[in-house]
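The structure appears below as structure tokens.
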Amino acid sequence: MGWWSYLIIVSTITLLFVPKNKWGKLFVLGLVGMVIILAIDSALIALGAIKFNFAGLNALGLPLPYWISYIPGGILFAHFYPTVWIQKFLYILFAAVSFVFVEFITIQIGLFQHLNWNIFNAIILNIGGFTIYSWFTEFYFERKRVQI
């Protein structure tokens, strides 16, 4: 139930803060975010660093609602992505720390476990993951000339 709640919360936040007319333009970035998360987290699972606790349907060791949640999550991130370099840097740091906070909560309620991993590693990896996602976002905005 916990990961389904996570999906509902992320989707609701995105519905509240991203206008519906922007979803179509940003959907591809939501898919990119989901693929990045699948790649990173499935590698961490394979390496024995982390474990998800979920009895339902999963893919590559990741709960289905968790990885689906990164479609609206990617849309939300892309919608608010800034254009000024220092703001981009601060935005990535804010996103990385926010996700570690959510990770900490999921650990506390038993949805997620660090096996051979820690919060510091998670912050560094989140910064790297959001940086990679930001490159895709910038490329998409430039290539498609998408204005948000």
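The values are calculated or read from the model by the stated rules, or taken from the named source; none is laboratory data. Being a predicted model, the structure only gives us computed values, none of them experimental. Positions of Cβ are backbone-derived with ideal geometry, glycine not excepted, and every protein chain shown enters the neighbour counts.
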Of the conditions (1) without any contact (Cβ under 8 Å) to a residue 60 or more places away in the chain; (2) buried (at least 17 other Cβ atoms within 10 Å of the Cβ), the single one that Phe94 does not satisfy is (2)
Selection from the range 99-130 of residues of a type outside the set (A, V, I, L, M), in a helix (DSSP H, G or I), closer than 19 Å to Ala43 by Cα and more than 15 Å from the chain's Cα centre (by Cα) yields Phe120, Asn121
The correct count of residues that are buried (at least 16 other Cβ atoms within 10 Å of the Cβ), closer than 20 Å to Ser134 by Cβ and either within 12 Å of the chain's Cα centre (by Cα) or polar (S, T, N, Q) (or both) in the range 1-37 is 9
Here the residues within the range 42-98 that are polar (S, T, N, Q) and in a loop (DSSP other than H, G, I, E, B) are Asn53, Ser69, Thr83
Of the conditions (1) of a type in the set (D, E, K, R); (2) surrounded by 17 or more Cβ atoms within 10 Å (Cβ to Cβ); (3) over 14 Å from the mean Cα position of the chain (by Cα); (4) within 22 Å of Ile9 (Cβ to Cβ), the single one that Lys51 does not satisfy is (2)
Of the residues in the range 1-23, those that are out of contact with any helix residue (DSSP H, G or I) (no Cβ under 6 Å at 6 or more places or on another chain), among the aliphatic types (A, V, I, L, M) and modelled with pLDDT of 95 or more come to Ile8, Ile9, Ile13, Leu15, Leu16
Note on the range 77-91: residues surrounded by 15 or more Cβ atoms within 10 Å (Cβ to Cβ) and closer than 13 Å to Phe130 by Cα are Phe77, Ala78, Tyr81, Lys88, Tyr91
